[in-house]
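The values are calculated or read from the model by the stated rules, or taken from the named source; none is laboratory data. Because the structure is a prediction, the values reported are computed rather than measured. Cβ: placed from backbone, ideal geometry, glycine included. Neighbour counts: every protein chain shown. Quick note on the areas: whole protein, heavy atoms, side chains included, nothing else; ligands and nucleic acids left out. Shrake-Rupley method; radii C 1.70, N 1.55, O 1.52, S 1.80 Å.
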Amino acid sequence: MSLTAEHPQAPSTAQPGDLSQAALLLELEQVVEANLNRHLSVAKEWFPHTYVPWSEGTDFDGPLGGTAWEVGQSRLNDTARTSMILNLLTEDNLPSYHHEIAVLFGREGAWGNWVHRWTAEEGRHGIAIRDYLLTTRAVDPVELERARMNHMCQGYISPNSHHALNSIAYVSFQELATRISHRNTGAYSGDKLCDQLLQKIANDENLHMVFYRNLLAGAFELSPDQAMRAVTDVVRNFQMPGAGVENFGRKSVQMAMAGIYNLRIHRDEVLAPVLRNLRIFERTDLGPAGERSREELAEIMDALDGAASRFEEKMAARRARDTARGIVSA
């Protein structure tokens, strides 16, 4: 099972009648301002340090002469550690994400105010997760730092970096995917404090999703066919922003098998709710090009449904084999 597009395609070419990128950003400025004000009115202030059990912290080996890490110190199992590390490494690439959206959306006016607010809120996610993991000795700190250095040195370039509408469509799905990954990791961890922390982070991600989804809805009002092509492009080529993490494929399969994030969740809990909110399959304002894109999107969703069902069948067969052998599946 993979959540990485095996053969991603370039975004659709512009069509006659499409809004230019500059015109699109200008037309959406009022939508951005209204939704930024909405966001600020509902976002609740919270502090990462209050979710870290500092009293459990002890020195590690090194200059301070503390105790070296070993796996028995972690209260998380291997899959929970893998998911926490993957989620953290994804959050760590915030400088690259900020660069991407600052260049694309600009740093002035309502767009710029949103870019800075979003970056500030996202910044506390990596801080909180890392402090929790190191204080509770949940992960190997040496391997974590090496993974951080490796991943961040790769940087991040969005496949939609020169396409504002595709980028808005992408983050409408990606923020929800990230929310669910954090939420399910917390529930799977079996650690109450870990669950509470990731719920707070998931709440932020949900508000970010709502912001971008509302912008995408605004784009549909401005240029329905153009927005439909963007949505279809993104769903067809969807990749999580952490896809560049070393051994991402193995890690994502491990998380999928544990029910943290898999194709069924991706289709039914990420893609479908956003499409439903936008009334994608009920819209009556599409032209011929938009209709063709919508038909392709329906085919993609059907294919994902089939792939998710095959994965579920394989997992059910595996659990049955494990049960017969007296093995407790993850």
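Miscellaneous remarks
- Charge dipole magnitude, Cβ of K and R +1, D and E -1 - the chain, Cα centre, debye nearest 20: 800
- Each of LEU133, LEU88, GLY65 was placed along the dipole of the range 51-160 (beta-carbon charges, centred on the mean Cα), and the one lying farthest toward the positive end is LEU88.
- The chain - mean residue ellipticity at 222 nm from DSSP helices (-39,500 (n - 2.57) per run, n ≥ 4, rounded to 500): -22000 deg cm²/dmol
- The charge dipole of the range 281-330, taken about the Cα centre with unit charges on the Cβ atoms of Lys, Arg (+1) and Asp, Glu (-1), comes to about 600 debye, rounded to the nearest 20.
- Part-to-part distance (alpha-carbon centres) for the range 48-86 and the range 177-204, which is given in Å: 17
- With a simple spin-label model that places each label point 7 Å from the Cα along the Cα-to-Cβ direction, the separation between ALA303 and CYS153 comes to 3.6 nm.
- Model label sites at GLN21 and THR50, defined 7 Å from Cα along the beta-carbon direction, differ in position by 4.1 nm.
- Whether the chain is rounded, prolate or oblate, judged on the alpha carbon gyration tensor where a/c under 1.5 counts as rounded: oblate
- Surface accessible to a 1.4 Å probe, per residue, for the residues of the range 59-118, Å²: 46
- Principal-axis analysis of the Cα atoms of the chain puts helix 141-154 at an angle of about 20° to the longest axis.
- Heavy-atom accessible area per residue - the range 272-329, 1.4 Å, Å²: 64
- Cα gyration tensor, the range 165-249 - rounded (a/c under 1.5), prolate or oblate: oblate
- Per-peptide average of other Cβ atoms within 10 Å, ordering 68-78, 244-254, 87-97 highest first: 87-97, 244-254, 68-78
- Most positive-pole-ward Cα, LEU207, SER189, SER223, against dipole of the range 157-314 from beta carbon charges: SER189
- The range 14-169, dipole about Cα centre (Lys/Arg Cβ +1, Asp/Glu Cβ -1), debye to the nearest 20: 160
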